[in-house]
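Asker: Below is one structure. I have some questions about it.
The values are calculated or read from the model by the stated rules, or taken from the named source; none is laboratory data. Fair warning: this is a prediction, and the values are worked out from it, not measured in the lab. We place every Cβ from the backbone using ideal geometry, glycine too, and count neighbours over all the protein chains shown.
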Amino acid sequence: MVEKYDIVIRNARIRGRPYDKTFDIAIEGDRIAKIADKIEGHGGTEIDAKGRLVSPPFFDMHFHLDSVLTVGDPRFNESGTLWEGIEIWAERKKKLSVDDIVSRVELAVKYHVAYGTLWIRTHADTTEKTLTTVKGLVKARELFKDFIDIQVTAFPQDGIMTEPDEHPELMRKALELGADNVGMIPHNEYTREDAVESIKFAFELAKEYNKDIDGHVDETDDPISRNLEVVAKYTLRYGWQGRVAAGHVTASHSWDAAYRYRILPLIRKAGITIVPNPLINIHLQGRFDFYPKRRGMAPISLYLKNGINVALGHDCIMDPWYPLGVGDMLQVLFMAIHVDQMLGWTDLFKALDLITYNAAKAWRKGYEDYGVEEGKKANLVILNGLTDVDVLRIMGPPLYVIRNGTLVADNTGPERELKVFFKGKWEVVNPYYEKAIETKI
Ligand code: FE2
């Protein structure tokens, strides 16, 4: 009897298997039913991968969906600095509404899916006192849950102990409103003592609500911003190993050798995932340096060599801090491996782990179902290359994206269109920013 499947992908290289062979992949329902050299039978949808690489889809492990796509509103950032960005955002924040957030998130998630990212961990600013950001992002998470998985982190942008009567309570309310993870920003507290107290508070809250922790930690070029060690201490004390991510950690770029020697084993022991944001770090850090300028990105290969998990985040797309981006995690990865000099031949074949398996480990939910293997959830991307090397050379969107057995992006159209399957129908996603045409140059 000839088998019939929902989708059959033919002639695919599969990441993690020998590249001198191609395979057929059959999908039935939301699962990968079969992988074999040749599958007899046929699919309702047949895709010829022509030897291209199939990988599990990407994660964006650190992203600010509340500010996404607000570039130029109320004005553009001319200095390109973090500080001008903060001023612009303070003005833009006053106009936030749930609908404003949801409509911007809708376009941002379409970009992400078109470019092969199916999981986004986002931060919602809880020091914005109406908690509109939390309400907007929790609503967006629910509205788009058939299209993409979003986790919302309660993120105290202006610190927790900076307003001890209000900010801790706002964090609690954010969790009551449905936030998934507890955030923190200890390097933005007024003193070291407050930073330690804020970390302790975050762990207490995480314990009370049984939540994972995802902090902004040591996002500065100051090498004596040493909050990561405190996060590691409390991770061990609370038994939260494997449940804590530390975003940015740019200070670790500037640590001296003696400190590195002491701290790296502690981070490994605590099972903390480090989440650099290469596009934003290389753009915003090193701003107090003349030349030579520090790169200001957490040293990825150093962490990996020391057995510490590292995943990546896009952080921003077209907002007051970063005017570029289209939700392509390959751009993020491309920047990461250049900044940290990870272009050794064997390294190139491991690079994709930073936006796939390493991230899946930190995301935790569904980890056992992640990967292109028989019986696992049918989540995969067909990338534009024969191997990892081509993918990183050629870049650009994947040809196809499949989520839970459904084809959700098809970028093979003749006009180089990005096309997503959103709420039951195919639509073209416009990647162009037309307002820029008005710029006087
Ligand atoms: Fe961030």
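Yes/no per residue for (1) more than 16 Å from the ligand (Cβ to nearest atom); (2) crowded, with 23+ Cβ neighbours inside 10 Å; (3) assigned by TED's automatic domain parsing to the domain that holds I280; (4) in a loop (DSSP other than H, G, I, E, B):
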residue	(1), (2), (3), (4)
E193	yes, no, yes, no
I199	yes, yes, yes, no
E219	no, yes, yes, yes
S225	no, no, yes, yes
L236	yes, no, yes, no
A246	no, yes, yes, no
A251	no, yes, yes, no
R260	yes, no, yes, no
L266	yes, no, yes, no
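Asker: Say we look at region 268-318 and pick out the residues that are hydroxyl-bearing (S, T, Y) and within 21 Å of the chain's Cα centre (by Cα); which of these is nearest to the ligand (Cβ to nearest atom)?
Answerer: Checking each candidate, the answer is T273.
Asker: Considering D100, D73, D125, which residue is within 16 Å of the ligand (Cβ to nearest atom) and either surrounded by fewer than 19 Cβ atoms within 10 Å (Cβ to Cβ) or closer than 27 Å to G286 by Cβ (or both)?
Answerer: D125
Asker: Scan region 143-181 residue by residue and report those that are under 16 Å from D66 (Cα atoms) and among the small types (G, A, S).
Answerer: Passing the criteria: A154, A174, G178, A179.
Asker: State all residues of region 423-441 that are under 27 Å from the mean Cα position of the chain (by Cα), hydrophobic (A, V, I, L, M, F, W, C), outside any helix (DSSP H, G or I) and farther than 18 Å from D328 by Cβ; if no residue qualifies, say none.
Answerer: Correct list: W426 only.
Asker: Also, quick follow-up: Would you mention how many residues in region 207-217 are over 14 Å from H253 (Cβ atoms) and within 16 Å of the ligand (Cβ to nearest atom)?
Answerer: Looking only at that region, the number is 4.
Asker: Of all the residues that make up region 175-191, how many are hydrophobic (A, V, I, L, M, F, W, C), touching a Pro at 6+ places or on another chain (Cβ under 9 Å) and in a helix (DSSP H, G or I)?
Answerer: 0
Asker: Here's a follow-up. Counting only residues that are surrounded by fewer than 24 Cβ atoms within 10 Å (Cβ to Cβ) and not in a loop (DSSP other than H, G, I, E, B), how many does region 207-217 have?
Answerer: Going through region 207-217 one residue at a time, the tally reaches 4.
Asker: Within region 305-322, is there a residue that is touching a His at 6+ places or on another chain (Cβ under 9 Å), outside any loop (DSSP other than H, G, I, E, B) and under 23 Å from H64 (Cβ atoms)?
Answerer: Yes, region 305-322 contains at least one residue that is touching a His at 6+ places or on another chain (Cβ under 9 Å), outside any loop (DSSP other than H, G, I, E, B) and under 23 Å from H64 (Cβ atoms).
Asker: Oh, and also: All but one of (1) more than 19 Å from F59 (Cα to Cα); (2) of a type in the set (K, R); (3) in contact with a Pro (Cβ under 9 Å, 6 or more places away or on another chain) hold for R393; state the number of the condition that does not hold.
Answerer: In the conditions (1) more than 19 Å from F59 (Cα to Cα); (2) of a type in the set (K, R); (3) in contact with a Pro (Cβ under 9 Å, 6 or more places away or on another chain), R393 misses (3) alone.
Asker: Can you find a residue that is in the same structural domain as G80 (by TED's automatic domain parsing) and over 21 Å from F334 (Cβ atoms) anywhere in region 293-300?
Answerer: Within region 293-300 (the criterion being in the same structural domain as G80 (by TED's automatic domain parsing) and over 21 Å from F334 (Cβ atoms)), the answer is no, since none of the residues qualifies.
Asker: Are any residues in region 323-348 assigned to a helix (DSSP H, G or I) and surrounded by fewer than 22 Cβ atoms within 10 Å (Cβ to Cβ), and if so, which ones?
Answerer: The answer is Q331, F334, M335, I337, H338, V339, W345, T346, D347, L348.
Results for (1) without any contact (Cβ under 8 Å) to a residue 40 or more places away in the chain; (2) out of contact with any strand residue (DSSP E or B) (no Cβ under 8 Å at 6 or more places or on another chain), shown as yes or no for each residue.
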position: H123; (1), (2): no, no
position: K129; (1), (2): no, yes
position: T133; (1), (2): no, no
position: L143; (1), (2): no, yes
position: G159; (1), (2): yes, yes
position: A206; (1), (2): yes, no
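Asker: For region 11-22, state whether one or more residues are among the aliphatic types (A, V, I, L, M), touching a residue at least 12 places away in the same chain (Cβ under 8 Å), within 28 Å of F334 (Cα to Cα) and more than 16 Å from the ligand (Cβ to nearest atom).
Answerer: Scanning region 11-22 turns up at least one residue that is among the aliphatic types (A, V, I, L, M), touching a residue at least 12 places away in the same chain (Cβ under 8 Å), within 28 Å of F334 (Cα to Cα) and more than 16 Å from the ligand (Cβ to nearest atom).
Asker: Against the condition among the polar types (S, T, N, Q) and touching a Leu at 6+ places or on another chain (Cβ under 8 Å), how does N358 come out, does it pass?
Answerer: The answer is no for N358.
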